[in-house]
1. Any residue at all in the range 79-92 that's within 24 Å of residue 107 (Cα to Cα), in a loop (DSSP other than H, G, I, E, B) and modelled with pLDDT under 90?
2. Residues that are over 25 Å from residue 105 (Cα atoms), among the charged types (D, E, K, R) and open to solvent by 20 Å² or more (accessible area, probe 1.4 Å): does the range 5-12 have at least one?
3. Just to verify a result, which residue in the range 45-78, among those that are among the hydroxyl-bearing types (Ser, Thr, Tyr) and part of a helix (DSSP H, G or I), is nearest to residue 23 (Cα to Cα)?
4. Of 100, 116, 121, which residue is in contact with a Gly (Cβ under 6 Å, 6 or more places away or on another chain), open to solvent by 30 Å² or more (accessible area, probe 1.4 Å) and either in contact (Cβ under 8 Å) with a residue 24 or more places away in the chain or β-branched (Val, Ile, Thr) (or both)?
5. Output the number of the condition that residue 77 fails; it satisfies all remaining conditions of (1) without any contact (Cβ under 8 Å) to a residue 24 or more places away in the chain; (2) crowded, with 19+ Cβ neighbours inside 10 Å; (3) aliphatic (A, V, I, L, M).
6. Exactly one of these conditions fails for residue 34: (1) of a type outside the set (Lys, Arg); (2) part of a strand (DSSP E or B); (3) open to solvent by less than 20 Å² (accessible area, probe 1.4 Å); (4) over 17 Å from residue 2 (Cβ atoms). Give me its number.
7. Looking at (1) open to solvent by 50 Å² or more (accessible area, probe 1.4 Å); (2) modelled with pLDDT of 90 or more; (3) acidic (Asp, Glu), can you tell me which one residue 19 breaks?
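The values are calculated or read from the model by the stated rules, or taken from the named source; none is laboratory data. Worth saying up front: this structure is predicted, and the values here are computed from it rather than measured. A quick note on method: Cβ atoms are made from the backbone with ideal geometry, for glycine too, and the neighbour counts reach across all protein chains shown. Each accessible area value is taken on the protein alone, full model and side chains, heavy atoms only, with ligands, DNA and RNA left out. Shrake-Rupley method; radii C 1.70, N 1.55, O 1.52, S 1.80 Å.
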Amino acid sequence: MLGIEDCVTEAMAIPGALDALLIDQTSGMAVAVGGGRDEDVDESAAALSETLRAAMDGLALNSPGGTIRINDMIVTADNGHHLLRPMETIFDGPLVIYVRLDPERSNLALARHRLRSISGRLVTT
């Protein structure tokens, strides 16, 4: 079982991880931060939360029943691979774990596997 800070620490241990965030999906606020982040963490957390929300809304419009559950989301860009994994928690509501990976030193399959493992062991305190 992991605590919130341990969750980000383990995300940063993924090979090629550049930075990580744990985000409260409801408020868009950063709950925990890992790595050397240059930009405003709260602004990044809010924008990442909105990105995930927009993807869910867009996909739901094209889904039977109008609902969808995203397991994880991968965005590849010139500054790295960006992985977002929504998590339902009993105590604090929905959280999102985000990690940015160096495209030269990372393995997306391994990173997805590790995030799935981390999210399955997260226990909020």
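1. Yes, because at least one residue in the range 79-92 is within 24 Å of residue 107 (Cα to Cα), in a loop (DSSP other than H, G, I, E, B) and modelled with pLDDT under 90.
2. no
3. 49
4. Step by step, each of 100, 116, 121 is checked, and only 100 is in contact with a Gly (Cβ under 6 Å, 6 or more places away or on another chain), open to solvent by 30 Å² or more (accessible area, probe 1.4 Å) and either in contact (Cβ under 8 Å) with a residue 24 or more places away in the chain or β-branched (Val, Ile, Thr) (or both).
5. For residue 77, the exception is condition (2).
6. Only one criterion in (1) of a type outside the set (Lys, Arg); (2) part of a strand (DSSP E or B); (3) open to solvent by less than 20 Å² (accessible area, probe 1.4 Å); (4) over 17 Å from residue 2 (Cβ atoms) is unmet by residue 34, namely (4).
7. Result: residue 19 passes all but (1).
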